[in-house]
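Visitor: Take a look at this one; I'll ask things after.
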Amino acid sequence: MRYDRRYRTLDKYRFIAGFLSLPLAFYALFVISPFVQAIYYSFTDWSGGPVANFIGFDNFTKMWNDERFWESLEVSVTLAVVAPVLTLVLGMFFAYMITSGGRHRKGQAIAGVAGSSLYKVVYFFPQVLSVAIIAVVWGRVFNTNSGLINGGLDKVGIDGPAWLGGDRSLALIAVMVVLSWSFVGFYVVLFSAAMGAIPRDIYEAALLDGAGRGRTFFSVTLPLIWDTVRTGWIYMGIQALDSFAIVLVMVPEHVLKVTPVFLYERFRDGQYGYATSIGVVLLVLSMAFSLIVMRIGNRDRIEY
């Protein structure tokens, strides 16, 4: 009986279920349950008290007609589209220089530029800083009267603009710069690890065929790390969509606002039901963004 095929299959599934039941229960309790509660409260007029009346789609109708929501969503979507491109391009460039930019060093056909180990630490340094500290420091750098940038422009006789206190486009550019600066180090390390796993024989064969750095990157490196790039694209897009702390600390609220900040203000005003409906929309946007990137970036995997 114990050697019967059906018995072995049943025994295997019992073994798997025994190990997975407890982790899945914790996941359902602490991860799935808050999402379900948020979706429920998005259909209510909950204001923080013990009573939450069901009001159907009223919160979503209110959101649809709220110009402040659309303005914040426009900023968030712009960040989610542009910031990943800027960050990933810089991350791939620096990672390529660290892993393959210095040819014929140390007797190897492919090697990193001089000091590549130090550069990894320097690039990763912003990752160990608190987001609030990053926002405060960069807020000082972009300060109109005493900031580092306008101070440098003043030295060469140019009046610097009000980066954070005036034009909305300038504030958006400043936020993109800070987002890319704070996250590029993570992607340098991520792409360096992916590029380091590519066999050196492939690079040496490309060099023998006369390929330069650009041709080697686009024909060898990029196709072989594409899965990592796609994962980083999704991750960075979601991080840009949720740039709450940087915008809240660094930019005055009358100049620029992202959707998470708009959501926070609704919570602060006691409109909990309305705020959770905005959170549900952000959840849907994050999932839609991930699916679109996975669809656009879907390519045949290259085995090596």
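The values are calculated or read from the model by the stated rules, or taken from the named source; none is laboratory data. It should be emphasised that the depicted structure is a prediction, and the values quoted were computed from it without experimental measurement. With ideal geometry, Cβ positions are generated from the backbone for all residues, glycine too; neighbour counts draw on all protein chains shown. Please note that ligands, DNA and RNA were not included when accessible areas were found on the heavy atoms of the full protein model with its side chains. Shrake-Rupley method; radii C 1.70, N 1.55, O 1.52, S 1.80 Å.
Visitor: What are the residues in region 183-198 that are of a type outside the set (Phe, Trp, Tyr) and open to solvent by less than 50 Å² (accessible area, probe 1.4 Å), if any?
Guide: Once the filter is applied, which keeps residues that are of a type outside the set (Phe, Trp, Tyr) and open to solvent by less than 50 Å² (accessible area, probe 1.4 Å), region 183-198 yields Val184, Gly185, Val188, Ser192, Ala194, Met195, Gly196, Ile198.
Visitor: Which residues, taken from region 34-56, are open to solvent by 80 Å² or more (accessible area, probe 1.4 Å), within 30 Å of the chain's Cα centre (by Cα) and not polar (S, T, N, Q)?
Guide: Phe35, Val36, Tyr40
Visitor: Any idea which residue in region 257-272 is nearest to Leu285 (Cα to Cα), counting only those that are under 20 Å from the mean Cα position of the chain (by Cα) and outside any helix (DSSP H, G or I)?
Guide: So the residue we want is Val258.
Visitor: Pairs, please: C-beta under 6 Å, at least 6 apart or cross-chain, first residue touching a residue at least 40 places away in the same chain (Cβ under 8 Å) and in region 213-233, second hydroxyl-bearing (Ser, Thr, Tyr) and open to solvent by less than 50 Å² (accessible area, probe 1.4 Å)?
Guide: Phe217/Tyr96; Gly232/Tyr187
Visitor: Within region 203-256, considering only helices (runs of 4 or more DSSP H) that don't extend past its boundaries, which have at least 3 residues that are open to solvent by less than 60 Å² (accessible area, probe 1.4 Å)?
Guide: 226-241, 244-250
Visitor: Another question, if that's okay. Hey, can you tell me all the residues within region 153-182 that are open to solvent by 40 Å² or more (accessible area, probe 1.4 Å) and closer than 27 Å to Tyr119 by Cα?
Guide: Ile173, Val177, Trp181
Visitor: Further, regarding this structure: Those residues that are surrounded by 11 or more Cβ atoms within 10 Å (Cβ to Cβ) and within 30 Å of Met63 (Cα to Cα), I need them from region 9-33; list them, please.
Guide: Within region 9-33, Ala28, Ile32, Ser33 qualify.
Visitor: Taking Thr276 as the residue in question, decide whether it is buried (at least 18 other Cβ atoms within 10 Å of the Cβ) and either at pLDDT 90 or above or part of a helix (DSSP H, G or I) (or both).
Guide: So Thr276 passes the test.
Visitor: Go through (1) open to solvent by less than 100 Å² (accessible area, probe 1.4 Å); (2) free of Cβ contacts under 8 Å to residues at least 24 places away in the same chain; (3) not hydrophobic (A, V, I, L, M, F, W, C) one by one and return the number of the condition Lys62 breaks.
Guide: (2)
Visitor: When only residues in region 134-165 that are of a type in the set (A, V, I, L, M) and in a loop (DSSP other than H, G, I, E, B) count, which is nearest to Ser182 (Cα to Cα)?
Guide: It comes out as Leu164.
Visitor: Restricting to region 123-150, what's the tally of residues that are open to solvent by 40 Å² or more (accessible area, probe 1.4 Å) and in contact (Cβ under 8 Å) with a residue 24 or more places away in the chain?
Guide: Going through region 123-150 one residue at a time, the tally reaches 9.
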